[in-house]
Amino acid sequence: MVIKKCLSALLCASVMLIAASCGAAEQSSSSSSQTDEKQPAAQTSAADKEEVTMPLNSVKLLGRAFAAQDGSIWMGLSGTGAEFDFTGEKLTVSLVGSRGIPEHRARVGIFVDGERMSDLAVDENGSKAEIRGKGDRAVNVRIIKLSECAFSCCAITAIDTHGGKLERTADKPRKIEFIGDSITCGYGVDDTDLSHGFSTATEDCTRSYAYKTAQALNADHSLVSYSGYGIVSGFTDNGEKKPQMTVPQYYESYGFTESLGFGTSKPSDLRWDFSAFVPDVIVINLGTNDSSYTGTDSAKQQEFRAEYVRFLKQIRAKNPKAKLICTLGTMGDLLSQAMKNAAAQYSSETGDENITTLDLPVQDVQADGVTVNYHPSEKTYEKAAALLTEKIKTEMNW
């Protein structure tokens, strides 16, 4: 069976990146207004005349993956993708990505029964991966976007089963959403050379604390994360506020990128359907970048606290039953107390006690090492995941 569709013309602009204490990506966009959900249009290319609708009942979407009308599955945010069980001898997956500089190409991993079998850098020229099956024995296949949304997006454009069969993977019994910055994205985790700069080729969300926590708890994951972003300000190296680099403005969409991203639409213009993924737990790991703006200034810290409370109310409005866990600390704990104060103020104002906080220890650079721009190593992520896993088990009685 071959599953194809017409591809959209992709016009993606590259994003300038600066070294930062939390992977700051200097982005010049302003907040996008939310609009009614639109479906990306498709344009027929000479190389792709056959159009067959993607059988979405045979594919489980991961995170905020977007199923377009033409059958393509767009992946923007870290950890988005598709999962299914495959029975057959061979499987070919075709993808296409954004146009841009090589350092910002979308990185995609394909996992078979939990083992990574392909690691692709996907651009507008497209990529293909061939996966060997086990004949009559079904294997689990996960196609996961390893890099983040701001720099590039990509789409699954065809799945050729070569006569085999696809079956939708069952939902896991638990669901966790993670809201964060570069620490959640797995920024630079594959590169320990501190003389290097950022590249999507060395970013891998499956090696971050978030993905590891979800795996440890046998939970489906959804990541909403952007390097350099915060709640009141993105990372700044001169103390000037960067309000355009904040997570709350994009929380109700499919993500943010400097380009069109999803075919002929911007993911930030497409409203996320919160009924599509109803988390049991939401982990908020923000404040590291904000601290570059607030410093120890009490008025600025109060501004952070007020915006944090406002964001908690926004999250709760869309997720009425989820346990909220506010956490901070891996790359600095300057705003940890302000985070705790925000959680307490939120509870006082709303009467909502379904919220808690967790301090994560600051990374031990000597013992555990660091990666690009002093970001956490996988060893640090493993320690953070272990602490968060135990916290969630306790809070949720899992």
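Points to keep in mind about this one:
- Furthest towards positive pole of dipole, P376, A65, I284, structure part the chain, Cβ charges: A65
- Relative contact order, percent, the chain [alpha-carbon distance under 8 Å, six or more residues apart]: 20 percent
- Counting charges near D119 (Lys, Arg +1; Asp, Glu -1) among other residues having Cβ under 15 Å from its Cβ returns a value of 0.
- Remark: S265, S291, S118, S195 ranked as S195, S118, S265, S291, counting other beta-carbon atoms within 10 Å and listing the fewest first.
- Calculated log₁₀ intensity ratio I(q)/I(0) where the Debye formula runs over C-alpha points of region 174-396, q = 0.08, 0.15 Å⁻¹: -0.26, -1.01
- Rg and Dmax [Cα atoms of the chain; Å; Rg one decimal, Dmax integer]: 20.2, 64
- Most to least packed among 148-154, 76-82, 166-172 [average Cβ atoms within 10 Å]: 148-154, 76-82, 166-172
- Rounded to the nearest 20, the size of the Cβ-charge dipole of region 174-396 about its Cα centre is 700 debye, with Lys and Arg at +1 and Asp and Glu at -1.
- Antiparallel bridges, percent of DSSP beta bridges restricted to region 174-396 (to nearest 5): 10 percent
- Relative to the longest principal axis of the Cα atoms of the chain, helix 298-318 runs at roughly 40 degrees.
- Toward the positive end of the charge dipole of region 274-342, with +1 on the Cβ of Lys and Arg and -1 on the Cβ of Asp and Glu, the farthest Cα among A306, L334, N319 is that of N319.
- Net charge dipole size for the chain [Lys, Arg +1 and Asp, Glu -1 on Cβ; Debye, nearest 20]: 800 debye
- Packing, as the average of other Cβ atoms within 10 Å across residues, places the peptides 64-70, 108-114, 280-286, 215-221 in the order 280-286, 64-70, 215-221, 108-114, highest first.
- Rounded to two decimals, the Cα radius of gyration of region 301-390 over 2.2 N^0.38 Å is 1.22.
- For the chain, the longest principal axis of the C-alpha atoms and the axis of helix 336-350 are separated by about 90°.
- Sum of side-chain charges, Y226 neighbourhood, beta-carbon under 9 Å (Lys, Arg +1; Asp, Glu -1): -2
Bear in mind that the values in this text are calculations on the coordinates, not laboratory data. As the structure is a prediction and not an experimental result, all values here were calculated from the model. All Cβ positions, even for glycine, are placed from backbone atoms using ideal geometry, and neighbour counts span all protein chains on display.
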